[in-house]
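Note sheet for the following structure.
The values are calculated or read from the model by the stated rules, or taken from the named source; none is laboratory data. None of the values given here were measured: they were computed from a predicted structure. For the accessible areas, the whole protein counts, side chains as well, though only heavy atoms, and no ligand, DNA or RNA atoms are used. Shrake-Rupley method; radii C 1.70, N 1.55, O 1.52, S 1.80 Å.
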Amino acid sequence: MGLKPAETYAFLLCWGPHLRQDRYNLIHFATTEHASCVPLPVFPAPESVLLAYMVYEPLAHPVRVAPQQFPVFRRRGFTLVERGGTTP
């Protein structure tokens, strides 16, 4: 997705306990969907924006899904990184 190791660690530290409550979870990262619903007014405007917004649903059984594809993210200048998610 483009998160740096420390950002990935912080994300997992926050969401790991929630995800471990269930044996299976269906996880989707809303990137452009989230950006269109939740504007992030920042001044000065960032040159690049990385959204890592996880939506997940606990499942009783595993399901097969196609892996989610992420475009290559390149940080340019002042970069805004938004990490978050929703719980069921």
Task: Extension reserve of the CYS14-HIS28 stretch, reckoned as 0.36 nm per residue once the Cα distance is removed - done: 3.4 nm
Task: Crossing angle, helix 5-19 versus the chain [Cα axis fit, 0-90 degrees, rounded to tens] - done: 30 degrees
Open item on the list: Using the Kirkwood formula on the Cα atoms of the chain, what hydrodynamic radius do you get, in angstrom to one decimal?
Closed with: 14.5 Å
TODO: Give me the number: length gained by fully extending PHE43 to THR79, i.e. 0.36 nm times residue separation minus the C-alpha to C-alpha distance, one decimal in nm.
DONE: 11.8 nm
Task: Fraction of antiparallel bridges per DSSP, the chain only, in percent to nearest 5 - done: 45 percent
Task: VAL72, VAL81, reordered so the largest accessible area comes first (probe 1.4 Å) - done: VAL72, VAL81
- [ ] Would you work out the relative contact order for the chain, in percent, from Cα pairs under 8 angstrom that are 6 or more residues apart?
- [x] 39 percent
